[in-house]
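Trainee: Input: one structure, supplied below.
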Amino acid sequence: MSAAAPAPGPNMGQPIPRVDAVAKVTGQARYASDVPHARAAYAFMLLSTVGRGRIVAIDDTAARAVPGVLDIMTHANRPSVQSMQGMQITSVVPLDGSEIHHDGQIIGFVTATTYEAAREAAYRMVVRYDRQQPSAVFDAPGVDQQLTAEITKGTPMPKEDPKLADADAELARSAVSMDAHYATPTQHHNAIELFTTTASWNGDELTIDGPSQFVFGLRAGVAQQLGIDPAKVHIRSEYLGGAFGGKGSITHRTVLTALAAKRIGRPVKLVSTRDQGFTISGNRAETRHHVRIGTTQDGRITALHHDIWELGSRTDSYCNGGVDAAAAMYAFPAVQSTAHLVRADRNTPTFMRSPPEVPVMFALESAMDEMAEKLSMDPVEFRRLNDTDKDWVTGKPYSSRSLMKCYDEAASAFGWSRSDAKPGSMRRGDWLVGYGCATACYPTQMGSCIARVTLMEDGHARGDTAAHDVGQGVKTVIGQHAAHYLGLPEGSVEVHIGDSTLPPGPLAGGSISTASTGSAIKLASEKILARLGNSVATTPEERRAAFARLGVREITEVGEYVAEGNKPEQLAGLYKGFPAFSAAKAQAHTQFAFGAEFVEVHVHARTREVRVPRMVGAFAAGRIVNPRTAHSQLMGGMIWGVSSALHESTEIDPRRAAYMNSNLGEYLIPVNADIGEVDIILVPEVDNKVNPAGVKGLGELGNVGTAAAVANAVYHATGKRIRDLPIRIEQLI
Ligand code: MOS
């Protein structure tokens, strides 16, 4: 055991290394663009350089003269594409016409015998625009503000504003109150693996190698766009080099690559550039918040009023929605909230790791710290006093809630009691020292999942489900599920994922993979054990005897896990690309994984440089299948949280509505030198209500709350409350 592979506590599996660890670090693991294709041609996309307007003319004469160019597609000659329902990045049809909706919109697709020739030709395309002034940012003239509840009414993901009692009246009556505005910036996923697609046709059958968080969704969507039978489309996406939500929805590049391959009769490989990735997929929307909290004299909360604005696109109503997580967090006897979407000439945002929780909990957990300070209460004790066992708005009890246990364990490991609460009171040499803490949370959701398990008489097994390895190690964990339920030693299960010829697994989003695959694997394993005449796993001798009695060498069973609130017939929808998420509304309980995060910051007394030498996070998320991969996810999450607090922000030129730092040199993320000690504590928790596997999921837990913990610590160090992320030196001087 080591820090990276914590000893398992109760209700935890073994911290085994990833089954594909060696393959990954030696370059044997195949990412989508690594798959070789004979005679492949290469593509390069041409993107718009204006944020709003129309294409007046495109001259491709010079481009076509580049040696090796095979084909150039623009809106003028693009073959027919059907518009698509479902999880697409935007409702705008690819190369649909001359209109430009945002900077970096795909306006041409060049194919050549080499990547260099395709790129050269794309650069030689001459585009004349009729430019209009885009509205790029909050408060820009021409943006359009709408109510999120109204525009999402009747859609598959309606967003309702939480409301309980008369919060404003309670606020007016409250003995103590706070009132503040917060802001978070646009962020981009910036997975190390770029957005790639290789399309290859064999007659009327299409194979796509492309990183996808939902291969069945991609298969269905692309088939629909091309007007062909989904059974003719095969998606392969065994490993992803990071996704974070950016590879969940279908981008225009996929169908364009498929069309190009058809036109030239050769496989086509597209590897977009880092810069292009900023506009061909989505981003985390910029947000603004207005938070008011009222309490009694002794610190009991009487009301929360949390309004939110998020910046979206003109073309699509995508929004992360409101403050449900915040409203469920503490004993709030009165809640008021209005969510707004502000529509600008930008590319449409999408899911990005804990989409609503990251900005919403930054605002709430900063506000909780401000409130505790007003009450002269310890922020941990303020949260304890207002801890709850139900969501007051819906009235539904928590299935389990170990938040204060997390606070106690993390506070003790961190040495929180050493903190002198007075801002600016702690100093080490030239550095002002601050301690801060905040709550991490992530709702427990599931997706329906079909898994096929085969048990061999010799004690080996195989698990098949089209889950997706976005880097979290799902292949390892699926094998552990099967070994656990079949009573086999670790490492005896071969797992196949990431391929649309397998039974459909869950979308790798919403932190649902471990819970959803585990639940389906459990159901399949139980069927196998029943065939063997047992309800529990057998010894090797019993197993061999049972196989001999049955006269078979192997047994295959399929587990069909229907996520809460879905109907069994919706399983068929998985094949059609509907992810079949559990709907919080349909759940009998309020379900969240929790964590408590503590950080120490050092702020240089003169330069105001901020450092984070150490962090401690304690997390409870039901059954932990692999403490090593869980530790890694949570540590990565907290590091990303530091990134949100101090580094990450997509900068936009408001005149052009163009991203200014669309590269890893200027889009800041932490490097090793920015991160000190990160101590992750896994708090044992049993929750058999959430799903058959008892797993809550934690992929999107660790990065929630961290930014608030850092901001709270910066306040403690300096007495300056920064409410606008990321925290920059200039705000502290
Ligand atoms: Mo994750 S943002 O739910 O793909």
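The values are calculated or read from the model by the stated rules, or taken from the named source; none is laboratory data. Given the structure is predicted, the values throughout are model-derived calculations rather than measurements. Note that we place each Cβ from the backbone using ideal geometry, even for glycine, and neighbour counts take in every protein chain shown. Surface accessibility is based on the protein's heavy atoms, side chains included, excluding ligands, DNA and RNA. Shrake-Rupley method; radii C 1.70, N 1.55, O 1.52, S 1.80 Å.
Trainee: On the basis of being touching an Asp or Glu at 6+ places or on another chain (Cβ under 9 Å) and open to solvent by less than 20 Å² (accessible area, probe 1.4 Å), does Ile89 make the cut?
Mentor: Working: touching an Asp or Glu at 6+ places or on another chain (Cβ under 9 Å): yes; open to solvent by less than 20 Å² (accessible area, probe 1.4 Å): yes.
Yes: the conditions hold for Ile89.
Trainee: Strands (runs of 3 or more DSSP E) wholly in the range 489-605 with at least 1 residues that are open to solvent by 50 Å² or more (accessible area, probe 1.4 Å) and at pLDDT 95 or above - which ones?
Mentor: 493-496, 554-561
Trainee: How many residues does the range 27-48 contain that are in a loop (DSSP other than H, G, I, E, B) and either open to solvent by 80 Å² or more (accessible area, probe 1.4 Å) or among the small types (Gly, Ala, Ser) (or both)?
Mentor: 9
Trainee: Are any of the residues in the range 453-463 within 20 Å of Asn691 (Cα to Cα) and either open to solvent by 10 Å² or more (accessible area, probe 1.4 Å) or away from the ligand (no atom under 16 Å from the Cβ) (or both)?
Mentor: Residues of the range 453-463 within 20 Å of Asn691 (Cα to Cα): 453, 463.
If we keep only those that are either open to solvent by 10 Å² or more (accessible area, probe 1.4 Å) or away from the ligand (no atom under 16 Å from the Cβ) (or both) too, we end up with 453, 463.
Yes, some residue in the range 453-463 is within 20 Å of Asn691 (Cα to Cα) and either open to solvent by 10 Å² or more (accessible area, probe 1.4 Å) or away from the ligand (no atom under 16 Å from the Cβ) (or both).
Trainee: Examine the range 631-654 for a residue that is more than 12 Å from Pro726 (Cβ to Cβ), open to solvent by 10 Å² or more (accessible area, probe 1.4 Å) and assigned to a loop (DSSP other than H, G, I, E, B), and state whether such a residue exists.
Mentor: Looking for residues that are more than 12 Å from Pro726 (Cβ to Cβ), open to solvent by 10 Å² or more (accessible area, probe 1.4 Å) and assigned to a loop (DSSP other than H, G, I, E, B), one finds at least one in the range 631-654, hence yes.
Trainee: Return the residue satisfying two criteria in turn: it lies in the range 343-368 and is open to solvent by 20 Å² or more (accessible area, probe 1.4 Å) and not hydrophobic (A, V, I, L, M, F, W, C), and of such residues it is farthest from the ligand (Cβ to nearest atom).
Mentor: The qualifying residue farthest from the ligand (Cβ to nearest atom) is Arg343.
Trainee: Considering every residue within the range 296-317, establish whether at least one is of a type outside the set (Gly, Ala, Ser), open to solvent by 10 Å² or more (accessible area, probe 1.4 Å), within 16 Å of the ligand (Cβ to nearest atom) and closer than 26 Å to Leu507 by Cβ.
Mentor: no
Trainee: Restrict the check to the range 524-539 and report whether at least one residue is more than 19 Å from Val625 (Cβ to Cβ), acidic (Asp, Glu) and away from the ligand (no atom under 16 Å from the Cβ).
Mentor: Checking the range 524-539: not a single residue is more than 19 Å from Val625 (Cβ to Cβ), acidic (Asp, Glu) and away from the ligand (no atom under 16 Å from the Cβ).
Trainee: Taking the stated definitions as given, is Tyr435 touching a Phe, Trp or Tyr at 6+ places or on another chain (Cβ under 7 Å), open to solvent by 10 Å² or more (accessible area, probe 1.4 Å) and more than 16 Å from the ligand (Cβ to nearest atom)?
Mentor: Working: touching a Phe, Trp or Tyr at 6+ places or on another chain (Cβ under 7 Å): yes; open to solvent by 10 Å² or more (accessible area, probe 1.4 Å): yes; more than 16 Å from the ligand (Cβ to nearest atom): yes.
Yes: the conditions hold for Tyr435.
Trainee: When you scan the range 665-716, how many residues do you find that are aromatic (Phe, Trp, Tyr) and touching a His at 6+ places or on another chain (Cβ under 8 Å)? Steps first, please.
Mentor: Residues of the range 665-716 that are aromatic (Phe, Trp, Tyr), as a first pass: 667, 715.
Next cut, touching a His at 6+ places or on another chain (Cβ under 8 Å) only: 667.
Selection size over the range 665-716: 1.
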